[in-house]
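Please read the structure below before turning to the comments.
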Amino acid sequence: MSRRARGALFGAATVVLAVVLVSAVAELPRPSAPPPRSAKLSTSVSLHERHGTDTVAGVTFDLRGFDTLGEELILFVAAIGSAVLLRAQRDPELLERAAHAADERRPRTASALRALGALLVAPMLVLGGYIVTHGHLTPGGGFQGGVMLAGTLLLVYAAGQMAALERMHPQALVELADALGAAAFALVAVGGLVFASAALANFLALGVAGHFLSGGTIFVLEVSVGVEVTGAIALVLNELLDQTLIREG
Amino acid sequence: MTALQDVVLVVVALAGTATVTVREPLRQAVVAGFFGLALSVLFFVFGAPDVALSEIVVAAVAVPLMVLLALAKIAETDVDEEDDGA
């Protein structure tokens, strides 16, 4: 395609996109407008039938819980798939040598950066854990908190502690977390079939809305998603990191 | 629509344009992270804190990390190919 034709296509597409976007934003409900019926219904269902104060968690883990199960399995399979693909030609000994070589060759990380990284690890872990365990009460939940926890692992690397990270061997732990989280979600789904009426139906005590231990299975599902997402994201990042090290070494 | 929402929409538009205009992949990864942060503020201002949190962790943590690792991996390959071409 000639440069001119591409420019014309780009211009036409941009104009169409701009018109659609502007009209869509203009149609957005005003903040003062009454909430639509679906919003009231889902809030009422989450609060009264599941005793959860975060409607979004109520929707993702109750009203469309089965979809969420599928999403969890997609992430699980994607992480395992990338690990299998990237590991095909990898030799553990070669990797260990490469990691140590990279550690030695790398210019020493500035002490300020190391200190900042080390300083941030603990607050990040606490914040990630908080977001994972309070998904049924406040915005956030297993996915958001899980990515934060996985990011914390990489923070350890950024702080220049690659050798420490290798010694800890988080690989096995990370794989275990990925598998356990996915299995826990599936087991809660089956538990609904066994102890209640349908897959993912609640079979735990609902508790008092707003209390930490409330929401029945929603709380368990949030935590299992958190564990699984931590494992899956950390697994993918670890595999990519290993590839980088081998290439350098 | 409140003034805050207007301002954030403009910031998102600017950040999105900046992401496209930056041509160097390494810088682009960082600018795209800022674009994601602007987007998450947008979601928050429009009353979707759950989505804002997801956007923060995906756009500011997961995606830049993966892009940076991929760039580190292909950096040497790139140099080799340029040498071959010369």
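Every read-out reported here was derived from the displayed coordinates using simple, explicitly stated rules and does not represent laboratory data. Since this is a predicted model, take the numbers as computed values, not measurements. We place every Cβ from the backbone using ideal geometry, glycine too, and count neighbours over all the protein chains shown.
Helices of chain B meeting both criteria, an alpha-carbon length of 20 angstrom or more along the long axis and an average Kyte-Doolittle score not below 1.0, with helices taken as full DSSP H segments, are B:3-21, B:25-45.
Note on segment A:1-154: along the principal axes its Cα atoms extend 62, 59, 37 Å, ordered by decreasing extent. How much of the calculated P(r) for the protein assembly as shown lies past 33 Å, in percent of all Cα pairs? For the protein assembly as shown, the share of Cα pairs beyond 33 Å comes to 40 percent. Stretched out straight at 0.36 nm per residue, the stretch from A:Leu73 to A:Ala24 would grow longer than its current Cα-Cα span by 14.3 nm. With a 10 Å cut-off around each Cβ of A:232-244, the average count of Cβ atoms from other chains is 3.
Phi angles across segment A:178-188 convert, under the Karplus curve 6.51 cos²θ - 1.76 cosθ + 1.60 with θ = phi - 60°, into 3J(HN,Hα) values of 4, 5, 4, x, 5, 5, 4, 4, 4, 5, 5 Hz, Gly and Pro given as x. Along its principal axes, chain B has C-alpha extents of 57, 23, 10 angstrom, given from the largest down. Look at the stretch B:56-63: the mean tally of other chain Cβ atoms within 10 Å of its residues' Cβ atoms is 5.
Across all C-alpha atoms in segment A:110-248, the radius of gyration and Dmax reach 17.5, 59 Å. Comparing A:Leu75, A:Val208, A:Pro29 along the charge dipole axis of chain A, the residue lying farthest to the positive side is A:Pro29, per the Cβ-charge model. For the options B:Ala18, B:Ala62, B:Ala75, a Gaussian network treatment of chain B with springs between C-alpha atoms closer than 10 Å singles out B:Ala75 as fluctuating the most.
On the beta carbon distance between B:Ala48 and A:Ala5, with R0 = 41 Å, the FRET formula returns roughly 0.55.
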